[in-house]
Every structure is written in structure tokens, then in C-alpha cells.
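To start, the structure itself, in C-alpha cells.
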């Protein structure tokens with residue numbers, strides 16, 4: 001489908017593919033809103049789309065990245081062949097060959113724009129940087145002709161930091177403020193270079209290809225094991241809103257299910273007032289049953305991020321459980337329940353948790369067998385017939401003894417037991433993974449992001 005309607009449909013499909021829940025009603029609302037907006041004003045169009053399809057602020061970066069792909073600021077120079085290597089044309093820019101003189105002139109203009117904080121000038125320079133320094137005409141078949149990495153390696157804006165800070169200090173900025181401003185402006189330029197490289201690749205290979213390959217999913221669908229430092233901070237901010245949504249949903253469902261089995265005697269007695277017709281039924285009170293929860297977490301390497309978020313969500317919902325106890329391990333077990341005291345700050349909890357597990361690796365590497373044996377011998381009484389056992393980890397035990405009898409012992413003692421694994425199932429039972437043997441004793445569940453974590457905890461409660 002071509003034209004504006006086709007581009008609108010493709011854009012919303014890309015949003016759905018990236019994890020934004022765009023319904024058909026919101027699709028129609030967006031199209032109706034856009035019919036009343038001036039299409040020559042790109043930022044107004046962006047705002048109109050966002051107002052109708054974006055539900056949470058955490059989804060906005062993904063929305064903006066996809067909007068820039070399907071409705072780019074500039075059009076042109078989206079394909080570079082080997083014959084064009086010596087005659088590169090940017091969007092409205094003269095054909096210029098990369099050279100030391102061209103680079104020196106570009107850096108001088110970039111420094112001036114960064115000092116002046118000229119947003120339009122920085123965008124134009126980003127376009128020029130990709131067009132002049134980011135072309136890859138000698139690429140292998142099937143690869144893109146543009147690279148933000150190549151452009152930024154040739155034009156390294158961080159080398160200008162000292163001079164930008166000095167210029168800002170001369171204009172009256174204090175040193176700390178000048179450094180923060182310089183870092184922020186350089187970050188803006190780097191993002192603009194990455195955006196323009198994606199725009200050119202989208203013209204070359206189509207926006208759908210870039211949306212599938214280069215656009216990061218929304219924060220709630222981003223894998224714990226591939227998250228960057230900034231992503232982890234954003235995930236922590238999402239934990240408590242996720243807990244509130246889960247608590248509200250659980251309250252509604254518990255309210256709907258609070259009635260117990262039918263009380264026939266009281267129902268028949270009540271029907272006498274309506275001529276024997278049981279218009280209103282009577283039910284026995286339903287006993288509220290809340291489970292005790294024991295969480296055993298592998299906190300080694302990248303798995304630690306997954307364990308921390310699971311612990312935070314569980315303890316944010318601790319009123320849904322009778323009792324919660326948490327244990328962490330690398331090759332020996334420590335109880336960390338006391339770190340999750342009511343009202344504790346998230347950052348403090350994480351710092352305390354890191355401190356309590358810093359000495360956990362007595363043998364320098366993960367050992368599930370030793371940890372399970374220690375847990376069964378030392379903390380076996382924590383698991384009982386009213387307990388749900390939750391094990392968090394990737395089941396990679398460095399080819400050590402798995403201690404399957406110890407796992408079976410604590411699993412049999414529990415009312416329910418689950419194992420959450422942050423790896424994709426295609427990686428299970430590869431290398432030193434013991435997901436298969438452990439999964440035969442405790443059901444293993446894939447849990448790679450906040451969405452899957454929230455769904456599991458909802459079903460657990």
C-alpha cells in the first residue's frame with residue numbers, strides 16, 4: 001500500500017512490533033487527529049501521533065526513533081555505491097571528498113555550533129558528518145552503505161570537550177555546569193548522527209528493515225541481560241509503577257472471585273420472599289489464602305540485574321504474600337530479606353544487596369550444586385507445604401556437580417516451585433547450561449524482560 005495511508009499503517013505496525021500496544025481505536029483516533037493538523041509542521045505531526053498512541057513516557061524514545069524513520073526530517077542520499085565513493089552528495093550539501101583539510105574545517109564549525117548550542121546547526125552538521133565521513137562504498141553485499149560508528153570514529157566530538165568547556169567558562173559558566181552542558185550538547189550531536197545514519201539506511205533498505213534490526217524495544221520489553229546502565233536506571237523507575245498496576249489488577253480479580261461456593265440452604269430460604277424463585281443467590285464465605293514465598297537468586301554477572309528486578313517487584317508486592325524470604329548465591333547462600341525493609345529507598349536496597357553479595361563467590365565462579373546443597377542443609381526449614389519456591393538464574397554451573405537430589409528435596413517440600421531463566425530458550429542446554437536436568441525437577445519459565453516478569457508474578461499471586 002502506497003501513499004500517506006500506507007505509511008501511516010506501516011508506522012503503527014512498527015510501533016506494535018516494538019512493543020507499543022496500539023489498538024485499532026487508537027489507530028483511527030490518530031488518523032482523525034492528523035486530518036486536522038498542518039502536515040508541513042513535522043513536530044506538530046509528531047505531537048499529534050504521540051498524543052493518540054503513546055501511553056507511558058517510557059515508550060516515548062522508541063516512538064521518536066520510529067517516527068524519524070517513517071517521517072524523516074530530510075530525504076535523499078540514501079544509497080552509496082562504489083562508483084560514488086569519490087563524489088559523495090549529502091542532503092543539499094556540495095560533493096566533498098574526505099581529507100585532513102575537510103576534517104579540520106568540519107571540526108572548527110562543529111566546535112562553534114556546540115559552544116553556541118545551535119540545534120539546527122548541529123542537525124545540519126550531523127547530516128554532513130554522515131554524508132562526508134560515514135559512507136562505506138566498499139561494503140560487502142547485503143551490508144548498509146552508511147555507518148554512524150565510522151562517522152563518529154572519524155569525527156570524535158569528545159576530543160572537543162576541553163575546548164568547549166573552556167569557551168563556556170569564558171562566557172560565565174561555572175566549571176561543573178560547563179562540563180555538564182558540554183556533555184549534554186555532545187550527546188545531542190552523537191544522537192543526531194545516529195539518527196541520520198538510520199535515516200539513510202532506511203532509504204536504502206526500507207524503514208521496516210531498520211525498525212526490525214536497529215530500533216531498541218520499549219524498556220519493558222528490553223532483555224535484562226542486554227540492558228545498558230541507563231536502561232537499568234529506567235527499569236528501576238518502572239518497577240514500582242509496574243507493581244502498582246499489578247496490585248490494582250490483582251485487587252480487582254480477587255474482589256471478583258471473593259464469593260465462595262453456593263450456600264443452597266440460605267439461597268432457598270431467601271427465595272421464599274420471591275415466591276420460591278431464587279433470584280438472589282447466597283454464598284459461603286471464601287477463605288482468603290495467601291502464599292508464603294521463598295526466592296533463591298543467582299546474583300553472578302549479568303544475571304544479577306534480572307535477580308535484582310525480580311526481588312524489587314516481589315517485595316513491592318509483598319502485601320500480596322503472607323511472608324517473603326529472599327536468598328542470594330554465587331557459590332554459597334546468604335539471606336537478604338532484611339535489606340528489603342518497608343519504606344527503604346530503591347538505591348539503598350541495591351547498594352546493601354551488592355555489599356551483602358560481594359563476598360559470596362568463595363570459589364570465584366558460579367556453582368549451583370554447592371549453593372543448592374547449602375540451601376537445603378542450612379535453610380531447608382524455610383520451605384514448607386504453604387511455601388512457593390522461586391529460583392532465579394540461568395542454570396549455568398560451570399560444569400560442576402548439579403546436586404539434583406538437593407533441588408528435588410526442597411522442591412518436594414514446597415507447595416509450588418518455579419525456575420525463572422533470563423536466557424532465551426534456544427540457549428538452554430548449550431555450553432554449561434543445565435536447564436534441561438533442572439527443568440525436569442522444577443518447571444523452567446523464560447523471563448527476559450519486565451513484561452514477562454509482570455505476567456509471571458501476576459500468575460504466581
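The values are calculated or read from the model by the stated rules, or taken from the named source; none is laboratory data. Nothing here was measured: the structure is a model prediction, and the numbers come from that model. Neighbour counts run over all protein chains shown; Cβ positions are idealised from the backbone, glycine included.
At a glance:
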{"quantity": "Enumerated helices (runs of 4 or more DSSP H) restricted to segment 377-461, each holding at least 2 residues that are more than 20 Å from residue 317 (Cα to Cα)", "calculated": "404-413, 435-441"}
{"quantity": "Test: residue in segment 41-55 that is modelled with pLDDT under 85, crowded, with 16+ Cβ neighbours inside 10 Å and either assigned by TED's automatic domain parsing to the domain that holds residue 197 or farther than 15 Å from residue 7 by Cα (or both)", "calculated": "no"}
{"quantity": "Selection within segment 244-294 - modelled with pLDDT of 75 or more and closer than 29 Å to residue 326 by Cα", "calculated": "292, 293, 294"}
{"quantity": "Residue check, residue 346 at pLDDT 70 or above and closer than 26 Å to residue 221 by Cα", "calculated": "no"}
{"quantity": "Residue 142 modelled with pLDDT under 65, on the phi > 0 side of the Ramachandran plot and not assigned by TED's automatic domain parsing to the domain that holds residue 451", "calculated": "yes"}
{"quantity": "Single residue of 366, 374 found to be modelled with pLDDT of 85 or more and either more than 11 Å from residue 298 (Cβ to Cβ) or assigned to a loop (DSSP other than H, G, I, E, B) (or both)", "calculated": "374"}
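The rows are residues; the columns are (1) touching a residue at least 24 places away in the same chain (Cβ under 8 Å); (2) over 20 Å from residue 195 (Cβ atoms).
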position: 13; (1), (2): no, yes
position: 18; (1), (2): yes, no
position: 33; (1), (2): no, yes
position: 36; (1), (2): no, yes
position: 44; (1), (2): no, no
position: 70; (1), (2): yes, no
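Matching residues to (1) in a helix (DSSP H, G or I); (2) touching a helix residue (DSSP H, G or I) at 6+ places or on another chain (Cβ under 7 Å); (3) modelled with pLDDT of 75 or more; (4) surrounded by 13 or more Cβ atoms within 10 Å (Cβ to Cβ):
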{"residue": "163", "(1), (2), (3), (4)": "yes, yes, yes, yes"}
{"residue": "180", "(1), (2), (3), (4)": "yes, no, yes, yes"}
{"residue": "183", "(1), (2), (3), (4)": "yes, no, yes, yes"}
{"residue": "195", "(1), (2), (3), (4)": "yes, yes, yes, yes"}
{"residue": "202", "(1), (2), (3), (4)": "yes, yes, yes, yes"}
{"residue": "209", "(1), (2), (3), (4)": "yes, no, no, yes"}
